[in-house]
1. In nm, to one decimal, how far is the R22 label point from the W58 one, both placed 7 Å along Cα→Cβ?
2. Need one number: convex hull volume per residue for segment 161-298, Cα atoms only, in Å³.
3. Looking at V203, S106, A182, which one has the Cα that reaches farthest to the positive end of the dipole of the chain (charges on Cβ: Lys, Arg +1; Asp, Glu -1)?
4. Just tell me which aspartates and glutamates come within less than 13 Å, Cα to Cα, of K131; anything on the same chain fewer than 8 places away is out.
5. Calculate the spin-label point distance for I30 paired with D229, positioning each point 7 Å from the Cα along the beta-carbon direction, and give it in nanometres.
6. For the Cα atoms of the chain, what angle does the longest principal axis make with the long axis of helix 2-16, in degrees from 0 to 90, nearest 10?
7. Tell me the relative contact order for segment 23-237 as a rounded percent, counting alpha carbon contacts under 8 Å between residues six or more apart.
8. Taking θ = phi - 60°, what integer Hz values does the Karplus form 6.51 cos²θ - 1.76 cosθ + 1.60 yield along segment 158-171, in sequence order, with x for Gly and Pro?
Amino acid sequence: MKESVVKETNIEVRQATQPQKRQLDYIKAIPLFSIIGFTTLVVVPWYGVTYGYSWLDWTLFGILYLITGLGITVGYHRLISHRSFECHPAVRVAFLIAGGWALENSAIKWGADHVRHHAFTDTDDDPYNAKRGFWYSHCGWIFYKTQPIYEKFRAPFLRDKWLVWQERYYIPIVISGLLLPALVSGLFYGWQGAIGAFLLAGVARVFLVLNSTFCINSICHLWGTQPYDAKNTSRDSWWISLITLGEGYHNYHHAFQRDYRNGPKWGNFDPSKWLIFMLYKIGLADNLVRGTKGGISS
Ligand SMILES: [Zn+2]
Ligand SMILES: [Zn+2]
């Protein structure tokens with residue numbers, strides 16, 4: 001039933017859409033991402049050489065990379081955007097917070113852009129249209145203002161109160177994700193520890209998780225194999241799964257977008273599907289969707 005509602009919505013949007021001119025976002029995206037890029041590429045190495053990072057800073061970096069990465073891949077992507085499984089409300093909120101810590105916009109914005117990517121892959125209405133080249137699909141697209149068509153894709157997500165809640169408190173959630181490692185390291189190593197953890201496990205971690213997600217839209221639409229569907233530019237690049245926690249099997253994902261697995265074979269490196277399956281085994285997730293030749297099944 002839900003599937004038909006979404007499909008109907010997409011059909012309405014398909015009929016209404018016209019390619020729209022993009023405008024650069026001088027106020028929000030360009031300054032914000034310039035600060036994050038400069039801090040990660042210049043300030044973080046400088047601080048490391050001058051003051052050093054503790055084992056705790058590196059541990060927090062690794063833990064938060066995994067938590068926020070899975071917040072995006074399992075939470076924003078497979079749970080919210082594709083409804084690949086259902087889960088306990090507490091688990092859902094945990095994923096919304098973990099995904100929010102990744103600074104990839106609210107789950108509503110992320111999901112609306114992503115559904116649009118699947119609906120209009122490789123066209124002007126695809127927010128990360130790979131036909132516009134590597135840099136545009138990797139990160140160039142975020143420096144442009146959102147197209148008006150976005151509102152039509154946003155509407156279905158507004159029916160979910162927890163998604164609306166997460167969008168309302170998105171900024172405090174992001175800030176808490178940056179300050180949490182600083183607080184933990186600060187308790188052990190004072191101000192120097194707090195600043196080191198903020199830079200490494202806060203800002204640099206955000207930069208790296210962002211770029212891991214960007215690789216799906218760029219590399220996984222440029223390089224790799226197309227064993228499942230050659231009608232669009234999506235590709236399987238297994239090595240991208242190593243940094244994206246399983247999302248590199250992108251050709252399979254475009255062919256079976258509701259499947260809770262991106263790597264369907266047992267040997268595929270897909271920690272995101274392992275986590276979903278583990279949640280299922282302990283009773284916190286249900287109705288896992290699998291792609292089949294004839295369509296989908298739970
Ligand atoms: Zn794609
Ligand atoms: Zn997807």
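Read-outs: derived from the displayed coordinates by stated rules, not from any lab. These numbers come from a predicted model, not from an experiment. Cβ coordinates were reconstructed from backbone atoms using ideal geometry, including for glycine residues, and neighbour counts include every protein chain displayed.
1. Spacing of the two 7 Å Cα→Cβ label points: 3.8 nm.
2. Each residue corresponds to 164 Å³ of Cα convex hull volume.
3. Toward the positive end, the furthest listed residue is S106.
4. Leaving aside aspartates and glutamates fewer than 8 places away in the same chain, those within reach of K131 are D122.
5. Computed distance between label sites D229 and I30 equals 3.6 nm.
6. 80
7. 29
8. Once θ is set to phi - 60°, the couplings for segment 158-171 become 6, 6, 9, 5, 6, 5, 5, 4, 5, 5, 5, 9, 4, 5 Hz.
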